[in-house]
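S.K.: This structure is in structure tokens; I'll ask about it shortly.
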Amino acid sequence: MASNDPLLSRLAEAISRNTKILVDHVKRNGLPQPSFEPDGPLRTRFESDDAASAARLALIEATKELHILALGPEETTRFFCFNEIYLLGAMQVLCHFKVPQNVPDVGEISFHELSSRTGLSEALLPRFLRMAAANYYFSELRPGFVCHTPWSRTLAHDEGMQACVWFRYAEMLPAVSKFVDMVKEFPDSPEPQDTAFRIAFGDSFFGYKEKHPEHMLKFGQFVSAFASGETADSADSIAKAYPWDRLPEGSLIVDVGGGAGHISAAISREHPHLRFQVQDIADLQEASTSLAKHQGVSDRVSFTPHNFFDAQPAQGAAVYFLRILHGWSDVYCRRILKPITDAMGPNSRIVISDIIQPQANTIPKTQEARVRAVDLTMLSMFNSKERSYEDWERLIAGVDSRLRITSVVGRPGMRRDNLIEVQL
């Protein structure tokens, strides 16, 4: 039943209530107060407390709704269309010329001196800086002088945050601008090369990276930064979420397309009674061997070069673990899963780690928007998708009618440490 209280009033009350929870949490734990001052904290520490974490998410949602309502429909569209793209453009210029790194952590610097240090025109520098400052990156406390805010300070010291900005303007923006062309040219294609990225750059995502290794380095930094976020996935949480301890001594876990094997290493540290075989391209063997040795698990984690479209060499393993399916269309996912199904024994299972797309309006819109953005990122790069639970059911059934989802650990949303267990 709808409340008789005006929505604006209800949102204001929610903001007040949840703000108090966060303020009390900060005081109780002796944490630095969030602020826009140059020495403000670079990261909040609310995620360690369930009540504070829930209040933070509720506060983000309520303030966003209040902001949208206060703007109104027309002004919201104007603001979105006008502000976001030029903020990204300004950040592109500032990061390219290493402006964040040349602003002192403490104190301020003149536009003249900053221009001299960076090589960015003194006539243009203030225009880009002021656009960023209007969005809380940097602050001009007196005319002609700039200092950091915590937001710009992260860009000065965190290569991952720099890579986030770079990846968005250098690769995603050109690709997204080709969505209409992609939809017209490849409306129903399952092929991984039929992407907005290829239309924009003339090559597949990884084909382009092979020709531009500096882009691959930046992309790796972006992925690492994204994976360290509060709502992102965690190798340790995967190691702890699934009942690996119930598997018998010496059980074999096959990490299909497992890269260098960081997930296998994390699980192995928590559950040393298990054996792991990481499967991926031969180029990753040295990195995988080095990682296993560094993590102290080389006696339990091995590497086998393998193309996951080929017949699965590890027959009857306890678990076939996959964290790669969101990078492929359903047609190719079935091709990946079929050899695994053929290799499964009566007690084998497939464990898929991935996002589960929520149904509309089942999680806060600020969180839902991020999930939808990841889905469109996969579409633009790989012509692939993030899947809902129903999508996963259809995909699994299309591989083999005997396969069924037997359990799911996690919940719909951003996290890729949802674990979908599949058995014959």
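S.K.: Between the helical axis of 330-343 and the dominant principal axis of the chain, each derived from Cα atoms, what acute angle in degrees is found, rounded to the nearest 10?
M.R.: 40
S.K.: About the Cα centre, and with charges only on the beta carbon of Lys, Arg (+1) and Asp, Glu (-1), how big is the dipole of the range 269-318? Nearest 20 debye, please. List each step's numbers first, then the result.
M.R.: Numbers: 4 positive and 6 negative charges, 50 e Å.
Dipole size: approximately 240 debye.
S.K.: Across the chain, how many lysine pairs, 8 or more apart or on two chains, come within less than 18 Å at their alpha-carbon atoms? Before the final figure, lay out the partial values.
M.R.: Numbers: K20/K64; K64/K365; K98/K218; K178/K385; K209/K218.
So the count works out to 5.
S.K.: Ok, one more. Nearest 10 degrees is fine. How inclined is helix 7-28 to the longest principal axis of the chain, computing both from alpha carbons?
M.R.: Around 80 degrees separate the two axes.
S.K.: Which three extents, in whole angstrom, do the alpha-carbon atoms of the range 1-101 cover along their principal axes, largest first?
M.R.: 51, 42, 20
S.K.: State to the nearest 20 debye the size of the charge dipole of the range 13-113 about its Cα centre, where the only charges are +1 on K and R beta carbons and -1 on D and E beta carbons.
M.R.: Working: 10 positive and 15 negative charges, 45 e Å.
Around 220 debye, computed over the range 13-113.
S.K.: Which order do peptides 147-155, 269-277 fall in by mean Cβ count within 10 Å, highest first? Walk me through the numbers on the way to the answer.
M.R.: Numbers: 147-155: 21.4, 269-277: 18.1.
Descending mean neighbour count gives 147-155, 269-277.
S.K.: Relative to the longest principal axis of the C-alpha atoms of the chain, give the angle of the C-alpha long axis of helix 365-382, reported between 0 and 90° and rounded to the nearest 10°.
M.R.: The answer is roughly 60 degrees.
S.K.: Sticking with this one: Provide the FRET efficiency to the nearest 0.05 for the A70-F36 pair, computing r from the beta carbons and using R0 = 25 Å.
M.R.: Efficiency, from the Cβ-Cβ distance: 0.80.
S.K.: Right, something else. Checking the a/c ratio against 1.5 first, then a/b against b/c, what shape does the Cα gyration tensor give for the range 316-358?
M.R.: Values: a/c = 2.83, a/b = 1.54, b/c = 1.84.
Oblate shape, in that a/c is at least 1.5 and b/c is the bigger or equal ratio.
S.K.: Same structure, new question: I'd like to compare 22-34, 120-132: which one has the highest average count of other Cβ atoms within 10 Å, and what's the full order after that?
M.R.: Working: 22-34: 13.7, 120-132: 17.1.
Going from most to least packed, we get 120-132, 22-34.
S.K.: Counting each DSSP H run of 4 or more residues in the chain as -39500 (n - 2.57), what helix-only mean residue ellipticity at 222 nm follows after dividing by all residues, to the nearest 500 deg cm²/dmol?
M.R.: Numbers: 18 runs with 215 residues, N = 424.
Helix contribution divided over all residues of the chain: -15500 deg cm²/dmol.
S.K.: Oh, and also: Can you pull the percent of Cα pairs in the range 93-226 with separation above 28 Å?
M.R.: Numbers: 2981 of 8911 pairs.
That tail contains 33 percent of the Cα-Cα pairs.
S.K.: Nearest 0.05, what FRET efficiency do Y136 and N361 give at R0 = 30 Å with Cβ-Cβ as r? Display every interim value, and only then the final one.
M.R.: Values: r = 29 Å, r/R0 = 0.98.
About 0.55, to the nearest 0.05.
S.K.: Given the options M131, S204, F308, identify the residue whose Cα lies farthest towards the positive end of the charge dipole of the chain (+1 on Cβ of Lys, Arg; -1 on Cβ of Asp, Glu).
M.R.: Farthest towards the positive end: M131.
S.K.: Would you work out which of M216, V374, I336 lies farthest towards the positive end of the dipole of the chain, given +1 charges on the beta-carbon of Lys and Arg and -1 on that of Asp and Glu, about the Cα centre?
M.R.: V374
S.K.: Go ahead and set up a Gaussian network model of the chain, Cα springs under 10 Å, then flag whichever of P339, P73, P104 fluctuates most.
M.R.: Of the options given, P73 has the highest mean-square fluctuation.
S.K.: Take the alpha carbon gyration tensor of the chain, find the square roots of its eigenvalues, order them as a ≥ b ≥ c, and report rounded if a/c is under 1.5; if not, report prolate when a/b exceeds b/c, else oblate.
M.R.: prolate
S.K.: What ranking do 324-334, 201-211, 179-189 get when scored by the average of other Cβ atoms within 10 Å per residue, highest first? Could you put the intermediate results ahead of the total?
M.R.: Numbers: 324-334: 19.7, 201-211: 15.3, 179-189: 12.3.
Order by mean packing, descending: 324-334, 201-211, 179-189.
S.K.: A further question follows. Rounding to the nearest 20 debye, state how big the charge dipole of the chain is about its Cα centre with +1 on each Lys and Arg Cβ and -1 on each Asp and Glu Cβ.
M.R.: Values: 45 positive and 53 negative charges, 71 e Å.
That gives the chain a dipole magnitude of about 340 debye.
S.K.: Tell me whether the range 215-364 comes out rounded, prolate or oblate; compute the Cα gyration tensor, take square roots of the eigenvalues as a ≥ b ≥ c, and use a/c under 1.5 as the rounded threshold.
M.R.: Cα axes put the range 215-364 in the rounded bin.
Only the coordinates and a few stated rules stand behind these numbers; no lab work does. As the structure is a computational prediction, the values presented were derived from the model and not from experiment. Positions of Cβ are backbone-derived with ideal geometry, glycine not excepted, and every protein chain shown enters the neighbour counts.
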